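The values are calculated or read from the model by the stated rules, or taken from the named source; none is laboratory data. Predicted, not measured: the structure shown is a model, and the values here were computed from it. Quick reminder, even Gly has a Cβ in these numbers, built from the backbone with ideal geometry, and neighbours come from all protein chains shown.
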Amino acid sequence: AEGAGGPLPVLGRDVRVPLVTGGEVTYAALDYAASAPALQRVWDDVAAYAPYYGSVHRGAGHLSQLSTELFEDSRRTVAEFLGCREGDQVVFTRATTDSLNLLSAALPQGTKVFVFETEHHASLLPWRAHDVTYLDAPRSPEAAVATLESALHGAPAGPKLVCVTGASNVTGEVWPVRELARAAHRHGARLVLDAAQLAPHRPVSLAELEADWVALSGHKLYAPFGAGVLAGRADWLVQAEPYLAGGGASRRVARSADGGVEVEWHTTAARHEAGSPNVIGAYALAAACRALTEAGFDGLVAREEELLARLRAGLADVPQVRVLSLFGEGADQVGVVSFVVEGWNSSHFAAALSAEYGIGVRDGLFCAHPLLRTLLGREGDAPGECGAPEAAPGSPSSAGEAPTLNAVRVSFGAGTPDEHVD
Ligand code: PMP
């Protein structure tokens, strides 16, 4: 595309894999929605820091001091990347699932939660200890806002939370986050954005989106596994019991008069970060934020849209392919496309792409079973973990069975090498 930047170099772009037909090819990783390869730049930054890392916040030694500085600097980098406002907190977690469970645990007593059935299980399920209203799948961004408005309209006074995903991990479609946040606020509710899929593709700013919290995962944002973020308003986080009890979260602990212990917890992000934090993970996540910011989302989005248009045009040429979409033609979409191939078992199709072409995609129900049911208009196959096939493709139990009801997903992003594209 005119003016588009090139791909950001990623690890593993030169991995060669054998094909069943003989020979070998360069592996094309097209499952970025599950986990994106780390940027070379992130890996280099981590390698440069690795010899110096130490445990943070406690040691007086030089390396501990340096690590504390880099850990807190990473927090500031992430805060800037996510457009945090004055007073917002950035809590380092393990990933999006962890972040949303943390927020769920921190909700005030009696909070009513509103969530669309279309959510990934990580944003659908953590709220079950609360009073949850599940909203039917909307068929347009406008319908999403209208559905939320009418659900909130009749809701009683008291704390309310809306949880919404910014870009679907199944259809790649972008949700109207700011409009939903405004609707939530009009009715005295707050909104948490699951940006696991949005943040690797588009700029995410709490201030601009007017969201109260955002959750994301480093491993989908071109950093390695193990670190994620929950960022946003401090008040509910500071009032809540710590997510984990332990060192780091506690400012002062003493034996109490009744023979027990009394604890004074931190009121900073450390309150929810008990235990020795994942300093390298946080540093890597911040390095990815820096790399994406420096590359500039304008160029990254333009290139991704060009790849998306090519993929969609290619799929449109195959009559048996049905692309899954909630919002229909013309919806704003990131580089995530799911489809069914009529007459094909999707796990066999995905296995064939890998074995015959060296292309790695995902098949199944993508940890979004209610959404898949709505999109497919029928039940999916009996799913294993998040819809992975229970029988290995080609195994006797799956050979000769009826075509699967699951789907195939192709996903990519700023780091997709040009040579993987054709
Ligand atoms: N939300 C969405 C939209 C996702 O796609 C995913 C991961 N597939 C998650 C949440 C959960 O992320 P993690 O597994 O990193 O906790």
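What to note about this one:
- Within the range 249-307, the only residue that satisfies the criterion of being assigned to a helix (DSSP H, G or I), in contact with a Phe, Trp or Tyr (Cβ under 7 Å, 6 or more places away or on another chain) and surrounded by fewer than 19 Cβ atoms within 10 Å (Cβ to Cβ) is Thr293.
- Reported count of residues in the range 197-222, each being within 11 Å of the ligand (Cβ to nearest atom), more than 20 Å from Leu148 (Cβ to Cβ) and in a loop (DSSP other than H, G, I, E, B), is 3.
- Matching entry among Leu107, Leu63 (being away from the ligand (no atom under 16 Å from the Cβ), assigned by TED's automatic domain parsing to the domain that holds Leu244 and modelled with pLDDT under 95): Leu63
- Residue list for the range 224-243, restricted to those being among the aliphatic types (A, V, I, L, M), in a loop (DSSP other than H, G, I, E, B) and away from the ligand (no atom under 11 Å from the Cβ): Ala234, Ala240
- One residue from Leu125, Leu148 being within 16 Å of the ligand (Cβ to nearest atom) and under 30 Å from Val337 (Cα atoms): Leu125
- Residues that are within 30 Å of Gly12 (Cβ to Cβ) and either crowded, with 23+ Cβ neighbours inside 10 Å or in contact (Cβ under 8 Å) with a residue 24 or more places away in the chain (or both) do not occur anywhere in the range 126-136.
- Residue list for the range 173-196, filter: over 24 Å from Leu102 (Cβ atoms) and assigned to a loop (DSSP other than H, G, I, E, B): Pro176, His187
Yes or no, residue by residue, for (1) under 27 Å from Asp44 (Cβ atoms); (2) within 18 Å of the chain's Cα centre (by Cα):
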{"residue": "Ala284", "(1), (2)": "yes, yes"}
{"residue": "Glu294", "(1), (2)": "yes, no"}
{"residue": "Leu307", "(1), (2)": "yes, no"}
{"residue": "Ala313", "(1), (2)": "no, no"}
{"residue": "Val318", "(1), (2)": "no, no"}
{"residue": "Val321", "(1), (2)": "no, no"}
{"residue": "Leu326", "(1), (2)": "no, no"}
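- Answer residue from the range 137-172, given it is among the hydroxyl-bearing types (Ser, Thr, Tyr) and part of a loop (DSSP other than H, G, I, E, B) and is surrounded by the most Cβ atoms within 10 Å (Cβ to Cβ) among those: Ser168
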